[in-house]
Amino acid sequence: MPLLPGAEPYRHRGGPVGVLLCHGFTGSPQSLRPWAEELAAAGFTVSLPLLPGHGTRWQDMQVTRWEDWYAEVERELLTLAEECEQVFVCALSMGGALALRLAALHGPKVSGLVLVNPSVRSDNPAGVLLPVLRHLVPSIPGIVNDIHKPGARELGYDRTPLHAAWSLSRLWQEVQRRLPEVTQPVLLFRSPQDHVVSSANSELVLARISSTDVTERLCQRSFHVATLDHDAAEIFAASQDFIRRLAPAHAAGADRAESDDHHG
């Protein structure tokens with residue numbers, strides 16, 4: 001299946017500090033592309049993969065499971081860890097669940113997490129019906145494009161495939177179990193007006209992780225897809241400050257590049 005225009009994965013080879021970005025359920029790299037490009041412009045090595053089953057049509061997602069989505073971000077993390085001295089993971093929505101599992105399982109390979117409206121639990125009481133419903137109904141109306149900013153659009157599916165939604169619920173259970181294993185510094189952005197993921201998700205993350213260096217910031221002017229919304233610039237700037245504070249290698253890399261320029 002051809003990719004939807006704008007859904008392409010993005011990669012940039014930069015300095016010694018890497019950043020992996022994880023997009024959300026039924027979304028695409030487009031929702032994080034401006035963030036990725038800004039990180040690349042700041043000199044980071046950046047990877048924004050396309051999760052399997054995403055970026056084409058919702059029917060393609062029906063045959064994928066959370067293990068497939070996770071395997072993709074894990075492969076990118078390990079690639080970045082080989083190329084870079086430090087790696088940070090930035091994520092939106094379900095990408096946050098994938099990022100938290102990476103942090104729990106790969107410990108020192110992940111230097112810090114930036115989570116935007118992470119999704120780690122069901123907010124829908126009807127979720128208990130998914131194991132049965134998914135065999136009766138292929139899809140329900142989609143969840144993309146929860147954005148406050150006029151004219152901003154999220155590229156994603158207008159239907160939610162229920163086999164994949166059921167698998168997402170399994171991912172949530174797995175991630176909830178592993179939250180205490182997360183010890184890395186965390187910067188978490190939460191939109192009080194989020195129509196997709198409730199604040200209870202962020203509260204659960206903050207209550208269960210073992211990290212001691214934790215900052216929560218509110219995106220008062222944004223809905224769920226805050227990375228394309230009014231607060232995007234603040235997210236991009238704060239995430240760079242967070243990474244720079246924790247990544248001496250980035251400062252050294254920037255200094256090296258400057259001295260190379262002067263000697264060039």
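The values are calculated or read from the model by the stated rules, or taken from the named source; none is laboratory data. These figures come from a predicted structure and were not determined experimentally. Glycine gets a Cβ as well: all are built from the backbone with ideal geometry, and neighbour counts include every protein chain shown. Heavy atoms of the whole protein, side chains included, go into the accessibility calculation; ligands, DNA and RNA do not. Shrake-Rupley method; radii C 1.70, N 1.55, O 1.52, S 1.80 Å.
Across segment 12-39, the qualifying residues are those that are open to solvent by 10 Å² or more (accessible area, probe 1.4 Å) and in contact with a strand residue (DSSP E or B) (Cβ under 7 Å, 6 or more places away or on another chain), and the one among them that is farthest from Ile143 (Cα to Cα) is Gly15.
Tell me, please, whether a residue that is assigned to a loop (DSSP other than H, G, I, E, B) and buried (at least 21 other Cβ atoms within 10 Å of the Cβ) can be found in segment 88-97. Within segment 88-97 (the criterion being assigned to a loop (DSSP other than H, G, I, E, B) and buried (at least 21 other Cβ atoms within 10 Å of the Cβ)), the answer is yes, since at least one residue qualifies. None of Leu98, Leu92 is under 15 Å from Arg178 (Cβ atoms) and within 9 Å of the chain's Cα centre (by Cα) except Leu98. For segment 185-210, a residue qualifies if it is free of Cβ contacts under 8 Å to residues at least 12 places away in the same chain and of a type outside the set (A, V, I, L, M, F, W, C), and the qualifying residues are Ser199, Glu203. Of all residues in segment 61-91, those satisfying the criterion of being among the hydroxyl-bearing types (Ser, Thr, Tyr) and under 23 Å from Leu168 (Cβ atoms) are Thr64, Tyr70.
Selection of segment 58-69 for residues being among the charged types (D, E, K, R) and either in contact with a strand residue (DSSP E or B) (Cβ under 9 Å, 6 or more places away or on another chain) or on the phi > 0 side of the Ramachandran plot (or both) yields only Asp60. Within segment 134-161, the set of residues being in contact with a strand residue (DSSP E or B) (Cβ under 8 Å, 6 or more places away or on another chain) and not hydrophobic (A, V, I, L, M, F, W, C) comprises Pro138, Ser139, Pro141, Gly142, Asp158, Arg159, Thr160, Pro161.
If you filter segment 166-193 down to residues that are of a type in the set (A, V, I, L, M, F, W, C) and in contact with a Phe, Trp or Tyr (Cβ under 8 Å, 6 or more places away or on another chain), you find that the one that is surrounded by the most Cβ atoms within 10 Å (Cβ to Cβ) is Leu187. Residue check: is Ser198 under 30 Å from Gly151 (Cβ atoms), modelled with pLDDT of 95 or more and touching a strand residue (DSSP E or B) at 6+ places or on another chain (Cβ under 7 Å)? It is false that Ser198 is under 30 Å from Gly151 (Cβ atoms), modelled with pLDDT of 95 or more and touching a strand residue (DSSP E or B) at 6+ places or on another chain (Cβ under 7 Å). So how many residues does segment 20-49 have that are in a loop (DSSP other than H, G, I, E, B) and more than 11 Å from the chain's Cα centre (by Cα)? The number of residues fulfilling the criteria is 4.
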